[in-house]
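What follows is one structure encoded as structure tokens, with my remarks underneath.
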Amino acid sequence: MTQSIEKRIEVIEGFKPAYQWKGKSQEKKDKKLRQYAFLDYGFVMILLCLVIYASLFAYLEYDFVSKKWDNAALLVQFTMLFAFKAPFAYLEVLLKKHAKEIKDSNISFNEKVNMDLEFMISKLNDRTKYIYLTGIPLIVIMLAAFFQVMDLNPLWDKFPVAVFAISLYLLIRINFDVFRLKRNIKKVNDIMQ
């Protein structure tokens, strides 16, 4: 194992896990992580697309959707709840898989690739920025959706624009994080082949 690979594995191990499990074997933890990764990424993408669709057409007042916007509060609430943790479990699965792939290789590559990965992981580990950028609007939308489910929110018909904007931002941010990480991993995988 070269110094570049050792440094890369060390950087990968610095990624904060999305979920903590106690008392389980590593195999069970990995299986559970893959299941949560599907939920964190795949399911959230589907939910975000549905919410974007519903909020856009509710704002544009298409008859077939605008009448159902009042009933979309529960969908919005669950989407925002799941989107808050996305895509950290999926990124963790990608990183663990990559670490296993490169563990026994003897390749050298530009240190800039490791520095880019280290920068990405440090940004992803700093989850407080996600709380400020997405958490506060998510909490407001979740509270509004909760009150709408209880039929206590007369202003719910004013929320499609905010829901659309936050959902679109989350969709772009999540996919951007995944794309950047995959691109960095691909650089090393291309050298290995």
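At a Cα cut-off below 16 Å, give the aspartates and glutamates reachable from LYS22, other chains included and same-chain residues fewer than 8 away excluded.
Cross-link targets: ASP30.
Mind giving me the nanometre distance, one decimal, between the label points for ILE136 and GLU61, set 7 Å out from Cα along Cα→Cβ?
Calculated label separation equals 3.2 nm.
Add -39500 (n - 2.57) for each DSSP H run of 4 or more in the chain, then divide by its residues: what number comes out at 222 nm, to the nearest 500 deg cm²/dmol?
That comes out to -22000 deg cm²/dmol.
Checking the table LYS24/LYS112; LYS24/LYS129; LYS68/LYS182; LYS123/LYS158; LYS28/LYS97 against a 27 Å threshold on Cα-Cα, which pairs fail?
LYS24/LYS112; LYS24/LYS129; LYS68/LYS182; LYS123/LYS158
How would THR2, THR128, THR134, THR79 line up from fewest to most surrounding beta-carbon atoms within 10 angstrom?
If I rank by nearby Cβ atoms, fewest first, I get THR128, THR2, THR134, THR79.
Considering only C-alpha atoms, what is the centroid distance from segment 69-107 to segment 119-152, in Å?
Cα centroid of segment 69-107 versus Cα centroid of segment 119-152: 16 Å apart.
Work out, step by step, the length gained on full extension between LYS68 and LYS24: first 0.36 nm times the residue separation, then minus their alpha carbon distance; give nm to one decimal.
Length difference between fully extended and current span is 11.5 nm.
Of the residues LYS158, LYS96, LYS85, which exhibits the maximal mean-square fluctuation in a Gaussian network model of the chain defined by a 10 Å Cα contact cut-off?
LYS158
Taking Cα atoms, how many degrees apart are the long axis of helix 3-13 and the longest axis of the chain, rounded to 10 and kept between 0 and 90?
30 degrees
Throughout, read-outs are computed from the coordinates displayed, never taken from laboratory work. Worth saying up front: this structure is predicted, and the values here are computed from it rather than measured. Virtual Cβ from ideal backbone geometry, glycine too; neighbours counted across all protein chains shown.
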